[in-house]
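J.: Below is the structure I would like to discuss, written out as structure tokens.
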């Protein structure tokens with residue numbers, strides 16, 4: 001936090017020496033700054049071929065939102081943009097300070113967590129999961145954090161894309177009809193994929209996922225009535241599971257006769273491998289669901305999209321449940 005405070009002070013000094021108001025107007029485009037890849041891709045889809053937006057993805061190097069540290073240039077982009085869209089969970093605390101340094105008085109801000117309202121869920125500790133010990137100032141346990149992985153629900157995505165289309169339309173009334181029609185077309189694709197997920201789960205032999213990793217997919221599993229077991233909560237910084245956790249998950253794999261142990265992308269898979277090695281048959285598949293927390297600029301160049309990744313995740317889900 002001290003490092004970020006010093007960075008913020010440097011940024012404020014920079015602004016006092018180099019006024020930057022009016023940058024968006026000079027560029028002639030709506031400057032949209034997004035934190036994570038799914039938001040970036042939603043804006044790209046809704047903007048379509050209007051040519052009226054300049055979209056920036058801050059987390060484009062594979063560093064996920066839990067460990068992201070903004071640069072002075074990142075803060076400048078947030079302060080001067082027309083539309084800033086971020087997750088709004090605990091990992092985005094840096095953004096709250098950056099937003100306070102607004103240079104563009106007409107800037108609009110969308111927090112996904114706030115857009116979700118009462119449908120935002122708290123992180124939960126399920127049986128066998130290692131909980132991070134957090135205490136309040138007087139030794140009392142803190143309330144559970146909001147599970148910030150809200151983008152991993154296709155149903156949530158429909159809420160978010162509608163909010164993004166409304167915000168773009170307000171910024172650019174001349175293209176409002178295009179934003180609306182693009183959002184409706186994209187929403188239909190999200191709904192169709194949502195239906196495919198529901199059908200796959202309904203016809204699956206198993207209704208449980210088991211992760212030898214942290215678990216950011218609660219919104220997805222809740223959408224389709226799946227149960228889950230995992231080593232850690234979605235925002236955990238832990239990398240080593242206890243012996244008790246590994247054995248519990250291995251026994252649960254045996255008990256439920258699960259065909260696979262899952263992980264998320266871009267992480268060490270030793271915990272999942274150890275779980276498999278501790279089961280009776282030791283022949284479960286090791287599968288990966290992509291939470292899109294490590295998507296890079298190069299992945300985007302190679303054609304990565306939110307829908308494509310969720311389609312790939314559906315294929316993995318089918319294999320994990322059958």
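Derivation of every value follows stated rules applied to the coordinates shown; laboratory data play no part. What you see is a predicted model, and the numbers here were worked out from it, not measured in a lab. Ideal geometry is used to build each Cβ from the backbone, glycine not excepted, and the neighbour counts take in all protein chains shown.
J.: At what distance in nm do the modelled label points of residue 273 and residue 315 sit from each other, each positioned 7 Å from its Cα along Cα→Cβ?
T.: Using points 7 Å along Cα→Cβ, the separation is 2.4 nm.
J.: Cut-off is 10 Å between beta-carbons; in what order do 236, 67 appear when sorted fewest neighbours first?
T.: Working: 236 19, 67 10.
With the sparsest Cβ surroundings first, the list reads 67, 236.
J.: Report the equivalent ellipsoid semi-axes for the stretch 205-321 in whole Å, largest first, defined as the square roots of five times the eigenvalues of the gyration tensor built from alpha carbon atoms.
T.: Values: eigenvalues 116, 52, 33 Å².
Each semi-axis is √(5λ); the values are 24, 16, 13 Å.
J.: Same structure again: How big is the chain along each principal axis, measuring the range of its Cα positions in Å and listing the largest first?
T.: In descending order, the Cα extents are 66, 48, 35 Å.
J.: Here is a further query. Could you give the distance between the Cα centres of the stretch 188-210 and the stretch 238-263, to the whole Å?
T.: Rounded to whole Å, the Cα centres lie 23 Å apart.
J.: Next up: Based on DSSP, what percent of beta bridges with both residues in the chain are antiparallel, to the nearest 5?
T.: On the way: 3 of 28 bridges.
Rounded to the nearest five, the antiparallel share is 10 percent.
J.: Report, in degrees rounded to the nearest 10, the 0 to 90 angle that the Cα long axis of helix 37-47 makes with the longest principal axis of the chain.
T.: 50
J.: Rounded to the nearest 10 degrees, what's the angle between the helix 2-17 long axis and the longest principal axis of the chain, both from Cα atoms, 0 to 90?
T.: 20
J.: Counting only helical runs of four or more DSSP H residues, what would the 222 nm mean residue ellipticity of the chain come to if each run contributes -39,500 (n - 2.57) and the total is spread over all its residues? Each step should come with its number before you reach the end.
T.: Values: 13 runs with 147 residues, N = 322.
Rounded to the nearest 500, it is -14000 deg cm²/dmol.
J.: Please order 256, 152 by the number of other Cβ within 10 Å, starting at the fewest.
T.: Numbers: 256 14, 152 25.
Fewest-to-most ranking of 256, 152: 256, 152.
J.: Which value in nm describes the separation of the simple spin-label points at residue 307 and residue 71, placed 7 Å from the Cα toward the beta carbon?
T.: 3.3
J.: Another one. Between residue 257 and residue 122, what is the label-point separation in nm under the 7 Å Cα-to-beta-carbon projection?
T.: Rounded to a tenth, the inter-label distance reads 3.7 nm.
J.: By counting other Cβ atoms within 10 Å of each Cβ, how are 261, 301 ranked from fewest to most? Display every interim value, and only then the final one.
T.: Numbers: 261 27, 301 8.
Neighbour counts put them in this order, fewest first: 301, 261.
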